[in-house]
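Every number here is computed from the coordinates shown, using simple stated rules; none is lab data. Not measured: the values here are computed from a predicted model. FYI the Cβ positions are ideal-geometry reconstructions off the backbone, even for glycines, and counts take in every protein chain you see.
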């Protein structure tokens, strides 16, 4: 089985910078899925200080990552990268399980989970 979430080196560098900036070096990075967005599901990333029995714990590039087991099925194999351009930078998320994505790129649905679509 592949990693639930794959963080690229560029994304890890940016996440570490954010952790340092917000004094969260000891925190975990939680990657999650919630209902909403144009296509029904949206991604979430944030700092977490507790891990439960319902979480999968990973470590990549020195970052401890937590994903709930429920979200893991939806995120399995998802690659998180960071792209820099003349217009600034941002995280990109490539989920092989997504069958439809919103134009904004932050909303999606899978064959098994349509989430709760909202008006754009």
Kindly identify segment 5-74 as rounded, prolate or oblate by the Cα gyration tensor criterion: order the square roots of the eigenvalues as a ≥ b ≥ c, call it rounded if a/c is under 1.5, otherwise compare a/b with b/c, prolate if a/b is larger, else oblate. prolate
Evaluate E = 1/(1 + (r/R0)^6) for residue 84 and residue 34, where r is the Cβ-Cβ distance and R0 equals 30 Å; express this FRET efficiency to the nearest 0.05. 0.65
Evaluate E = 1/(1 + (r/R0)^6) for residue 51 and residue 3, where r is the Cβ-Cβ distance and R0 equals 25 Å; express this FRET efficiency to the nearest 0.05. 0.90
Relative contact order (percent, whole number), segment 1-90, Cα cutoff 8 Å, 6+ residue spacing: 39
Which FRET efficiency value, to the nearest 0.05, do you get for residue 25 and residue 69 by plugging their Cβ-Cβ distance into 1/(1 + (r/R0)^6) with R0 = 25 Å? 0.45
